Amino acid sequence: MLNILVVGTGYVGLTTGTGLAELGHKVYCIDKDLSKIEVLNNNQIPIYEPGLLELVQKNIRENRLSFHNDLKPYIFNTDIIFLAVGTPENEDGSANLSYLYQAVRDIISCNITKAYIVIKSTVPVNTNNNICKIFQQELPDAQVEIISNPEFLREGFAVHDFFNPARTLIGLNSDNAKEIIEIVYKKFIEKNIPIFFTDPNSAELAKYAANAFLATKIAFINEISDLCEYYNANIEDVATSMGLDDRIGKKFLKVGPGFGGSCFPKDILALNKLSVDANRPSMIVSAVIEANRIRTKNMSDKILKILDGTIKRKKITCLGASFKANTDDIRESPALKIIEELINLGSIVNLYDPVAIENVKKIYSNKICYFKNITEACDDTNAIIILTEWEEFKGFDFASVKDIVLNNVIIDLRNILNKDNIIKQGFKYYPLGI
Ligand code: UDX
């Protein structure tokens, strides 16, 4: 069991810190945001992440997890430090590393003599090397090893993904670092979860490459879906048959309104910037960025066409606002981009989302009409648009609202409903690619 300091209590930091505590380590989570620390010290969590609250409460109870807003009192009693701060995108698409370098300066200001520092945040290639140089300059006598350990956690499934990683990816330069990392992830190694060691640059690039490839799969299937509509083919059958080939794999071939979230859009821009900086502009990555950018516009055009080109002053019911189901995160949400377009075209948007409404209100306030359930959101509506793939939407009995809608149109941008059933219930049903 190690004493571990985790800097940053966002989606990645909180899940990682709690997961490491559950693995048996004693974890001190640090965040400068006092409001977050207050929520956490009140036995609550500041984010929506299925299963995480229970795990946080369990590890606090078992005295393996605590939350603080200053690392100084804990750093000298720490075996290893994880940096899990945000690396949002800059205007030019590069990764904003200001929070990361602030955390590095905070550690240096403690005048540590020895430290293992793990970069959990997604960072551009050479960041590990650059942080090594900073420590060599600022604390030349200190023994500091910088380890890269990118995360592959999906929001909404982060707890599952932490304990069931496809691989633990480690970039390091020394055997000492390897030893301590094997102690951190001892229980994963005992479960034969692959732990892959490489150099820091390869680990940093592998993270961007993995996310960009997954984003490419999504942009690709969305493009094929448009062809299915033109050639009267069925995207679900095309995707399923493709996925039977294990060289392709069946995951991340689900058609939708485009990819969003705090990772894919940012990471694919950062990778593109790395390509430009390397004077090797990527044709593929830049095409995926553009294809995803126009996807939400194409979706709004599709909605407009289905509603005969006029939605001015018409009520439109939107189900879902977050960038995908099982999260309240609305960052880069395609659903919100489509909702914004509908508002700009003059429609009255009735919105229901199981968990993200409060986050939407902070940005759109009374530009949108908010509802607590699907039925009320459908009252008097000209169309029901499904924007995220919540189980609640899949299981809803749309026949129950047939008599209160003005226009029995359902536009399903996630293909989650059964076409035959919906049509039998008297709706005009518009999925993607079918
Ligand atoms: C992603 C990566 O999956 C994860 O490994 C990485 O660590 C962080 O970024 P996340 O952004 O939480 O995770 O969501 P993910 O489930 O990957 O979905 C990303 C976007 O792609 C969402 O907007 C989702 O709706 C969309 N998507 C995903 C599709 O449109 N089709 C798919 O088949 C899968």
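Coordinate-derived values only; no laboratory data. Here the structure is a predicted model, which is why all the values come from computation and not from measurement. No Cβ is skipped: glycine too gets one built from the backbone with ideal geometry, and neighbour counts run over all protein chains shown.
Counting DSSP beta bridges in the stretch 1-121, what percent are antiparallel, to the nearest 5? Intermediate results must be reported in sequence, preceding the final value.
On the way: 1 of 17 bridges.
Close to 5 percent.
Across the cross-link table entries 314/402; 191/254; 58/361, which are compared at the Cα atoms, the separations over 27 Å belong to 191/254; 58/361. Compactness of the chain, taken as the C-alpha radius of gyration over 2.2 N^0.38 Å, stands at 1.06. Simple spin-label estimate for residue 42 and residue 106 gives 2.2 nm between the two label positions (7 Å along the Cα-to-Cβ direction from each Cα). Reducing the stretch 148-199 and the stretch 9-42 to their Cα centroids gives an inter-centroid distance of 18 Å.
Within the chain, which DSSP H helices have Cα atoms that stretch 18 Å or more along the helix axis and a mean Kyte-Doolittle hydropathy of at least -0.5? Walk me through the numbers before you get to the answer.
Working: long enough: 200-231 (46 Å, 0.17); 264-277 (19 Å, 0.29); 283-306 (33 Å, 0.21).
Helices passing the filter in the chain: 200-231, 264-277, 283-306.
Convex hull volume of the C-alpha atoms in the stretch 109-169, normalised per residue: 109 Å³. The mean sequence distance of close C-alpha pairs (under 8 Å, at least 6 residues apart), as a share of the length of the stretch 214-339, puts its relative contact order at 26 percent. Near the amide H of residue 123, within less than 5 Å, lie no amide hydrogens of residues on another chain or at least 5 residues away, with H placed in the peptide plane. Shape class for the stretch 78-215: oblate, because the ratio a/c of the largest to smallest gyration tensor axis (alpha-carbon atoms, square roots of eigenvalues) is 1.5 or more and b/c is at least a/b.
Taking the average, over residues, of other Cβ atoms within 10 Å as the packing measure, peptides 328-341, 182-195, 345-358 rank 328-341, 345-358, 182-195 from highest down.
For the stretch 28-98, the relative contact order is 33 percent, taking Cα pairs closer than 8 Å that sit 6 or more residues apart in sequence and dividing their mean separation by the residue count.
Between amide H atoms placed 1.01 Å from N, distances below 5 Å from residue 349 occur with 316, 369, all of them 5 or more places distant or on a separate chain. Cross-link pairs exceeding 25 Å in C-alpha to C-alpha distance, out of 186/207; 315/428; 26/120; 266/362; 337/424, comprise 337/424.
Working from Cα pairs under 8 Å separated by at least six residues, relative contact order for the chain is 12 percent. Can you say what percent of the DSSP beta bridges in the chain, counting only those with both residues inside, are antiparallel? Round to 5. Antiparallel bridges: around 5 percent, rounded to the nearest 5.
Exposure proxy ranking for 283, 1, 242, based on other Cβ atoms within 10 angstrom of each Cβ and starting from the fewest, stands as 283, 1, 242.
For the chain, a Gaussian network of Cα nodes joined below 10 Å ranks 264, 396, 157 by mean-square fluctuation, and the top entry is 396.
Antiparallel beta bridges, as assigned by DSSP with both residues in the stretch 109-266, represent about 10 percent of the total such bridges.
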